[in-house]
Every structure is written in C-alpha cells, then in structure tokens.
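Report on the structure given below.
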Amino acid sequence: MTLIFRAAAAAALLASLVQPASAQWQGGVGLSARYQTNTEFDQTGRQLVREEGWLPGISARVAYKANELIWFTEGVIHDRSIPYHGQTQIGGAVDSTTSTRLIHLRAGGAYALTDSYSAFAALEWEKWARDIRGTHTAAGLQEKYTSRRMLAGVQGKWNLAGAGVIAADAAVVISEPERLRVGFSGLLDPAALETKWSKGLQVGASIRPAFIPHWELRTAYDWIRVERSDDMPVTRNGQFMGTIAQPEHVKRGVTLTALYIF
C-alpha cells in the first residue's frame, strides 16, 4: 500500500509539471453536513453500540484538467457531539454523547472515456476521533482511528438543456486495517489495536444549476463494514489486566455539500 501512495504522489507531481495548452485549474470551498451512523456488534451479531447524528463541516477541492485527464485533491472536516447508546462490560445500558471529529483527505485522477462518462480512482486517508463521555455508571473512552483506502469507480455527467449540469458516480472501496489508539480515562494504560481489511461503497450525485453556475450542490452516501479486531492485552501500570478487542462495526454516512466553484 505504501508503494501505491508513493506512485500516486509521483503521478500528481508529473501532472503539475506537464502544462498543455488545454490545461486548467479549478478550486472550490464550501459547507458540508454529514449524518453519521456508527453501529458495533458482538460476535453473535447482537448490537452493542449505536451512535448517530448530524456533523457540520467545511470542504475544499482543487482539480487540474489536462485533455482527458483530471487530477484532483479533496478535503473535508466534520466535527460535533452526537448521541451514544451502548452498554457497559457487564451489560448495563449507557446513554451518553460522543464528541466526534472526522477528517477525510482524498487524491486521485479521472479519465474521460466519452463526453459523458469517465473512470476514476483515488486514495483516501481518514482520521476519526471519538471521545465517549463518561457517566455516573461508566468511565469514558478516548479513541483515535486512522485508515487508508483505495477507491475505483465511474462517473456520468449530463447537460440539462440549459438548466444546468448533473452528475452521478459510484465507487467500490477497499480499506487497509484501521489503526486504533484507545484511552480509558486514566483507569487503564492506553492500548493499540488493528482491525482487518474491509470493503465498502460510495455513491453520489451533484448538480450545478444554470442560475447559480458557480455553485455545486452534492449529496453522497458511503458504507463500510469493518470486521472485529484480534484480542489484545490491556494493562494497568504495566500489569496485565485482561484483553480487549474492537468489535465489528458498520459506518454509514449521508453527506450534503454546497461548494462554491472558482
């Protein structure tokens, strides 16, 4: 995977050095809102945790077009507390909130197959911070995830007879194992976990209305299922206290974005 990321960086650098007459740059900044759902399951498939809620955010994009090729980079940050419904280690119900920050960075390229259709591929890096606040019956947890993903898909784009331009896209996702750092509010030593390779999908649609040509309105849906991690030891002051694991979890998101194009 490291080799793939280096190759992508080299390709992006090469694109910046080659400047054909038809080359052009385009940027965009805007506001975003994401409805985030995270659900965790035990080994029998029983639900352990569910978090869901709206996360406001900001988004930015830069693209470089050279004939049939488009190179692009995108970034978005979402940040807010959302409701948490889970349980303690002994099965007691816990209702709290999770301070959630999601950072997505993406870089990739698209190749125009026809005037209306193109194929694209991208590499994506995600950082996900969860601070589950403690209650009178349960201590809080502080979790930080990082993961890298590969995406490949197709996009269609069509003119609406003077009313604007619409586009739709779909991609399959393959993710490296998530790397997770867990804090236990000082009750145990911090621990490190790693999940399994996982698969998912992303679909989206956008429109640039003719009456506001510098604005792009987009909606997108993403889904990924991450298998349970292996058991890892947990300690207190260096002394073995037991084992922990990151349960199987499913992440879903519906994202709405209004991007000003310049």
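Recomputing percent of Cα pairs over 28 Å apart from the coordinates shown identifies the correct label among [x] 41; [y] 50; [z] 35 as [x]. Here the simple spin-label model places points 7 Å from the Cα toward Cβ, and for Gln89 and Ala60 these points are separated by 4.3 nm. Per-atom-type breakdown for the chain gives carbon and sulfur 61% of the accessible area (1.4 Å probe, protein chains only).
Students often get this wrong, so check it: of Lys144/Lys196; Lys127/Lys196; Lys127/Lys157; Lys144/Lys199; Lys127/Lys199, which have C-alpha atoms separated by over 27 Å? Walk me through the intermediate numbers first.
Numbers: Lys144/Lys196 16 Å; Lys127/Lys196 17 Å; Lys127/Lys157 31 Å; Lys144/Lys199 20 Å; Lys127/Lys199 17 Å.
Too far apart for the 27 Å limit: Lys127/Lys157.
Hey, can you find the accessible area per residue of the stretch 104-250 for me, probe 1.4 Å, expressed in square angstrom?
Computed with neighbouring chains in place, this is 54 Å² per residue.
Annotation for the stretch 65-139 versus the stretch 179-197: alpha-carbon center distance of 19 Å.
From helices alone, the chain scores -2000 deg cm²/dmol at 222 nm; the rule is -39500 (n - 2.57) for each run of n ≥ 4 DSSP H residues, then divide by the residue total. Taking every C-alpha pair closer than 8 Å and separated by at least 6 residues, the mean separation divided by the residue count of the chain gives a relative contact order of 16 percent. Between 0 and 90 degrees, the angle of helix 2-17 with respect to the longest Cα principal axis of the chain falls at about 30 degrees.
Sort Lys196, Lys144, Lys251 from largest to smallest accessible area, using a 1.4 Å probe on the heavy atoms of the protein chains. Can you show the working numbers first?
On the way: Lys196 65, Lys144 120, Lys251 10 Å².
Largest to smallest exposure gives the sequence Lys144, Lys196, Lys251.
The values are calculated or read from the model by the stated rules, or taken from the named source; none is laboratory data. Treat the numbers as computed from the prediction; the structure is a model and nothing was measured. Positions of Cβ are backbone-derived with ideal geometry, glycine not excepted, and every protein chain shown enters the neighbour counts. For the accessible areas, the whole protein counts, side chains as well, though only heavy atoms, and no ligand, DNA or RNA atoms are used. Shrake-Rupley method; radii C 1.70, N 1.55, O 1.52, S 1.80 Å.
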